[in-house]
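Can you read through this structure? Questions will come right after.
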Amino acid sequence: MSDIQLDARGRLQHLLTLKGLSRATVTSLLDQAERFRTPPGERVKRHTHLAGKTVVNLFFEPSTRTRSSFELAARRLGADVLNLEIAQSSAVKGESLEDTLYTLEAMHADVFVVRHKEEGVQELMARHALAHVHVLNAGEAHLSHPTQGLLDAFTIRRHKPNLSDLSVAIVGDIKHSRVARSAVHALTALGTRDIGLAGPKSLLPKKGELAGELFTDADKAIAGADVVMMLRIQKERMQRAAVPSERAYFKRYGLDAARLKRAKPNAIVMHPGPMNRGVEIAPGVADGRQSVIREQVTNGVAVRMAVLNSFYP
Ligand code: CP
């Protein structure tokens, strides 16, 4: 864990990674998220805890879910929100990240929500930020997507409260997945030991890099699982994974009704989105009775509210 993530009192100053976060910290964030969760169809509650604060979304990579839910989370807590359009910003004229940070700080930005394809950008910003400013990682290279890990753990806990007894299968391109890494870090913090990571050999992490048993046979990883988390496969990676086509990938690693039957009958099906329907998951499973994929999206807003709120105890 980064040495600047926690303040001198052990509270979150920034959220850069879930790796190494304590069970107590993760549990407290999930408990807070319960407070903020509004089921679909119900009127959302407005809070004022972040009134007078400004949250800036800096997304150097595309996003639907994370960016929208951070914006909604911040607004529902009463904050002002600025979505900086990177393509229209002075970043394209070569302005450095530090200068972008200093410029927005000078306009009273208090929280930066940052997604970037390069490693270490969020930490660099946190190291240069003013003492009262918070940096939140909204997706960093293949390494970290902490609020996704938290919302996944939150969704699992709502369905399967005893996390230490669970068997979780994560299937797909684990090697390049920040979602898989953050999910494993969250689950490990909460005591889950039985984690299976399945995918083509070239898309698996190095042995020992991540907690969990490695499988090239998806059926073995899914057998008896309580939770099946499917990951998006990037089409350009299939060739390198010796999977010649989407059809071939689906046959070996895709989750259809027959493969899902190998999991426990009450297993839940997850996917962080965006989904390639028919490539890693059958539409009937994505929309089926065991799917919690839309709940994950709903829970994402609550979890992001909890994280933002935690910066202002
Ligand atoms: N799960 C996720 O990070 O989705 P977006 O890329 O749409 O934010």
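The values are calculated or read from the model by the stated rules, or taken from the named source; none is laboratory data. All values reported here derive from a predicted model rather than from experimental measurement. Backbone-built Cβ (ideal geometry, glycine too); neighbour counts: all protein chains shown. Surface areas here come from the heavy atoms of the whole protein model, side chains and all, with no ligands, DNA or RNA. Shrake-Rupley method; radii C 1.70, N 1.55, O 1.52, S 1.80 Å.
Enumerate the pairs (first residue in segment 226-247 and free of Cβ contacts under 8 Å to residues at least 12 places away in the same chain; second residue anywhere and open to solvent by less than 80 Å² (accessible area, probe 1.4 Å)) with beta-carbon separation below 7 Å, excluding pairs fewer than 6 apart on the same chain, so at least 6 apart or on different chains.
Every condition considered, the pairs that remain are 238/249.
Can we say residue 307 is among the β-branched types (Val, Ile, Thr) and open to solvent by less than 20 Å² (accessible area, probe 1.4 Å)?
yes
If only one of 273, 288 is within 16 Å of the ligand (Cβ to nearest atom) and in a loop (DSSP other than H, G, I, E, B), which one is it?
Sole residue among the options that is within 16 Å of the ligand (Cβ to nearest atom) and in a loop (DSSP other than H, G, I, E, B): 273.
While we're on this one: Considering only segment 238-256, how many residues are part of a helix (DSSP H, G or I) and open to solvent by less than 40 Å² (accessible area, probe 1.4 Å)?
So the answer is 3.
Still on this model: Taking residue 301, is it of a type in the set (A, V, I, L, M, F, W, C) and within 16 Å of the ligand (Cβ to nearest atom)?
Answer is yes for this residue.
Please list, ordered by residue number, the strands (runs of 3 or more DSSP E) wholly in segment 44-132 having 3 or more residues that are closer than 20 Å to residue 18 by Cβ and within 16 Å of the ligand (Cβ to nearest atom).
111-116
In the set 170, 156, which member is surrounded by 21 or more Cβ atoms within 10 Å (Cβ to Cβ) and part of a helix (DSSP H, G or I)?
None of the others qualify; the one that does is 156.
Which residue is farthest from the chain's Cα centre (by Cα), if the candidates are limited to segment 234-270 and must be within 16 Å of the ligand (Cβ to nearest atom) and modelled with pLDDT of 95 or more?
It comes out as 269.
From 63, 22, which residue is among the small types (Gly, Ala, Ser) and under 17 Å from residue 186 (Cα atoms)?
Sole residue among the options that is among the small types (Gly, Ala, Ser) and under 17 Å from residue 186 (Cα atoms): 22.
Also, I was wondering about something else. Pull up segment 273-304, narrow it to residues that are of a type in the set (D, E, K, R) and crowded, with 22+ Cβ neighbours inside 10 Å, then point me to the one that is nearest to the chain's Cα centre (by Cα).
Applying the filter and picking the extreme gives 304.
State yes or no: is residue 30 part of a loop (DSSP other than H, G, I, E, B) and open to solvent by less than 40 Å² (accessible area, probe 1.4 Å)?
It is false that residue 30 is part of a loop (DSSP other than H, G, I, E, B) and open to solvent by less than 40 Å² (accessible area, probe 1.4 Å).
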